[in-house]
Every structure is written in structure tokens, then in C-alpha cells.
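The values are calculated or read from the model by the stated rules, or taken from the named source; none is laboratory data. Quantities reported herein were computed from a predicted structural model and do not represent experimental measurements. Cβ sites come from the backbone with ideal geometry, for glycine too, and all protein chains shown count toward neighbours. Heavy atoms of the whole protein, side chains included, go into the accessibility calculation; ligands, DNA and RNA do not. Shrake-Rupley method; radii C 1.70, N 1.55, O 1.52, S 1.80 Å.
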Amino acid sequence: MAHPVSRCLSAVLLALTAASASAAQPPVLLKFKGAIGVDPLTAAGGVDTLNVVRGINPGGRAWVIRSLDATVYADGYIVASGKGLLFSSGEVIATRGPVSQVVATLACGAADATAGKFTSDPASLNDAGNFKIRGSLTGRDASGNIVPFPPACTNPKLLIRASATGGWFAAGILDSDAED
């Protein structure tokens, strides 16, 4: 026969497990399905210039990505899975080269460097260019202070980058079906 304290602890543990399982997941804020690999240069007025997005420079070479699925929740939690993020030019073509980690950066707001940027912790990028990102997106102001995740994200751009300060390799495609 079980000791009364053991039964009490078991009941408490069972109640906590049930409560956490039934806890409401925050609503989905944004979904991205598919992505576009970076071309480091873009033509502006017939002149090649750096392909800067929301104030973030491109990676130094062209990249491709086979697939990307990402969900951003209203509390700033992101779940992202990418496949085939690889160089698409030069001697390192079809490899990840020296890049072994990636982050996701969500930019919200103006279509320039003033957009608010929220970045995940790094995730491993394997030799086939596959990665999984799970965690909170964190933003910082110009002084380095953490800023709260916004309740809405206007004009969203999701960029896959080498690091929070690195260039971008791929841009997520907003899933328009998620908003219907």
C-alpha cells in the first residue's frame, strides 16, 4: 500500500501535468511557408547594389533554400524548420560552407532600417542545410535594452541569418492562407 505522502505527491504531480497540458497556447501571429534564398546584389536604377532588407545586409554569396515552415505566436515564440539552406555559387556550391548556425529575425514596421527586429537564439545548421529553431524572439533598442514583443507585426519580414548581427541568407514567404 502506498504511503499517504506518496499518494498526495502523486496527486499534485498529476494535477500539475493536467494543468500544463490544458494551458492555452498563445494565438498564432504569423505563419511563413516557403522562402527565397538571397542574391547579395539587386539592381536599383540599373546599378547593382547590396540587397539590404530592413537594414540587414545580405550574406556574402548567393544562397538557396529548399523549404521553410515557420510559425510566430503572439507571445514572440517561434517554431521554424528549414531544409536545404546552401550556397548556390562558387567552389562551396551545394554546401553550407563554414556556416554552422542560423537565427531567425522577424522585422516589423517600416520597410527600412527603422523596423523593429526580434531575433531567436542560434540553432545548428547541419551539413545538408537543415535547421530547427524553437524559442523566443527577442528585440533590443539602440541602447541594448530588451524591448517587448509587439502585439501586432505590420509589414513582416522573416530573415534567416548567420547570427543576430550577421547577413541574411533567406527570407520567409508569408503564408497568406493563414490570414483567411
Problem set entry | In Å, descending, principal axis extents of the Cα set of the range 57-180 | 43, 37, 25
Problem set entry | Among 153-162, 139-148, the order from most to least packed when residues are scored by Cβ within 10 Å on average | 153-162, 139-148
Problem set entry | Lys, Arg +1 and Asp, Glu -1 on Cβ, resulting dipole of the range 78-167 about Cα centre, debye, nearest 20 | 180
For this session: Rounded to the nearest 10 degrees, what's the angle between the helix 4-22 long axis and the longest principal axis of the chain, both from Cα atoms, 0 to 90?
Result: 30
For this session: Could you pull out every one of the lysines with an alpha carbon less than 23 Å from that of LYS83, ignoring same-chain neighbours closer than 8 positions?
Result: LYS31, LYS33, LYS132, LYS157
Exercise. Among THR165, THR138, THR95, whose mean-square fluctuation peaks in a Gaussian network model of the chain (Cα, cutoff 10 Å)?
Worked result: THR165
Exercise. Under a 1.4 Å probe, what is the accessible area of the chain per residue, stated in Å²?
Worked result: 56
Seminar exercise, completed: Ranked by GNM mean-square fluctuation in the chain (Cα springs under 10 Å), the top entry among VAL38, VAL72, VAL92 is VAL92
Exercise. Using a 1.4 Å probe on the protein chains only, how many percent of the accessible area of the chain belongs to carbon and sulfur?
Worked result: 57
Exercise. Any idea what the relative contact order of the chain is, in percent, if you count C-alpha pairs under 8 Å spaced at least 6 apart?
Worked result: 24
Seminar exercise, completed: The answer for the per residue Cα convex hull volume of the range 34-83, in Å³, is 109
Exercise. In deg cm²/dmol, rounded to 500, what helix-only [θ] at 222 nm does the chain give when every DSSP H run of at least 4 residues adds -39500 (n - 2.57) and the total is split over its residues?
Worked result: -3500 deg cm²/dmol
